[in-house]
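Structure, as structure tokens:
Values quoted throughout were computed directly from the atomic coordinates according to the rules given, and no laboratory measurement underlies them. Just so you know, these numbers come straight off a predicted model, no measurement behind them. Glycine gets a Cβ as well: all are built from the backbone with ideal geometry, and neighbour counts include every protein chain shown.
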Amino acid sequence: MHRKDGLKLTDLAWQMLAEVTTWFPDRVFRVHADGFYGSLAGDLPARMEMVSRIRRDAVVHDLPPKRPARRRGRPRTKGQRLGAPQRMAAHVRAWTALTTNERGHTVRRLVYTRPVIWYRVRKSPILLVLCRDPQGRQKDDFFFTTDLSLPPAEVVSGYAGRWCIEETIKNTKQHLGAQQPQTWTRRGPERAATIGLLLYSLVWLWYLRQCRRRFSLVRRLRSSPWYPDKRTPSFVDALAALRRVLWRPRINRMFETASVHDKNTEFLIEALASAA
């Protein structure tokens, strides 16, 4: 938990990574982190590699040249300074076309890779990966990995796979109200975050196990006129389906003595479940 006047976010992240390695002492881990945590590449825990973004204006150097035999003095730790990744991408001509998997979609990309030294962060080589949209609709992106043997397609796809984490945090805060409890002291914030993430997991677990048996998933997803091509459910769909199941008995009891048509009741349930 990040607290005011406490450890920095990067220090807390390093502690979490180090703790995970103690849980599985026989495994090697690959961390996909946002560019904010790219500096961790210089001091990763043992048995851990990293994939992250690199600054567009990062100062990178070529690998140090081979040391001549019988030459005195300290060996060089870096080679000639190269252009920043953004400037380098403007002059690259030897792009390689490949296919990546980004957020469940197959995407064509152009990539250029080169081992470099990012001396301010890491003294040992990293693999710089320049990524470009062949159609020119998106801006160039710049990644790196500490695993020089990692294929560039896995670097781009792996970093894009972080999006599910962003979606989880957003949905937990916005749709489950995990950021609303006014708990700022002691272990209150930790408990609020834990309960929010637990509820998020339980909703998805229920939906994946039960919803397909009770409802027509295709009909529910195609009922939105502003999204006619939707094929996969979102957390909002899962939460609305759970509300229908929990609220239908209550609403039916409310109108038990009233002469309300079933279609009206269903319309009310559908509107409340989707808008709540």
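Send over the Kirkwood Rh of the chain, from the inverse of the averaged 1/r over different Cα pairs, rounded to one decimal Å. Intermediate results must be reported in sequence, preceding the final value.
On the way: mean 1/r = 0.0433 Å⁻¹.
Evaluated on the chain, it is 23.1 Å.
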* To do: Springs between alpha-carbon atoms under 10 Å, Gaussian network over the chain: tell me which of Thr146, Thr172, Thr265 tops the mean-square fluctuations.
  => Thr265
* Set of lysines near Lys8 by C-alpha distance (under 26 Å), chain-local residues within fewer than 8 positions excluded -> Lys123, Lys170, Lys173
* To do: Please give every one of the aspartates and glutamates within straight-line cross-link reach of Lys78, meaning a C-alpha to C-alpha distance under 17 Å, and leave out same-chain neighbours fewer than 8 residues apart.
  => Asp62
* To do: Would you list, by chain and number, the lysines whose Cα falls below 29 Å from the Cα of Lys263, excluding same-chain residues fewer than 8 positions away?
  => Lys230
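Where Rh is the Kirkwood radius over the Cα pairs of the range 14-61, the temperature 37 °C and the viscosity 0.692 mPa s, what D in µm²/s does Stokes-Einstein return? Provide the component values of the computation, followed by the final result.
Working: Rh = 11.6 Å.
Translational D for this selection: 282 µm²/s.
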* **Positive-end residue of Val245, Asn101, Ser149, charge dipole of the chain with Cβ unit charges** => Ser149
* For the range 20-52 and the range 101-131, what is the separation of their Cα centres, given in Å? -> 16
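Quick check for me: using +1 on Lys/Arg Cβ and -1 on Asp/Glu Cβ, what's the dipole size of the chain about its Cα centre, in debye to the nearest 20? Before the final figure, lay out the partial values.
Numbers: 51 positive and 24 negative charges, 199 e Å.
Result for the chain is approximately 960 debye, rounded to the nearest 20.
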* To do: Principal axes first, then extents: for the Cα atoms of the range 58-165, list largest minus smallest coordinate on each axis, whole Å, largest first.
  => 54, 29, 21
* Structure fact -> Here the FRET efficiency for Gln138 versus Ser274, based on Cβ atoms and R0 = 41 Å and rounded to 0.05, is 0.80
* Structure fact -> Under the helix-only model (-39500 (n - 2.57) for each DSSP H run of 4 or more, divided by the residues of the chain), the mean residue ellipticity at 222 nm, to 500 deg cm²/dmol, is -11500 deg cm²/dmol
* To do: Mind putting a number on the dipole of the range 1-158 about its Cα centre? Charges go on the C-beta only, +1 for Lys and Arg and -1 for Asp and Glu, and I need it in Debye to the nearest 20.
  => 1040
* GNM on the chain, C-alpha springs below 10 Å: top fluctuator among Val121, Val155, Val129? -> Val121
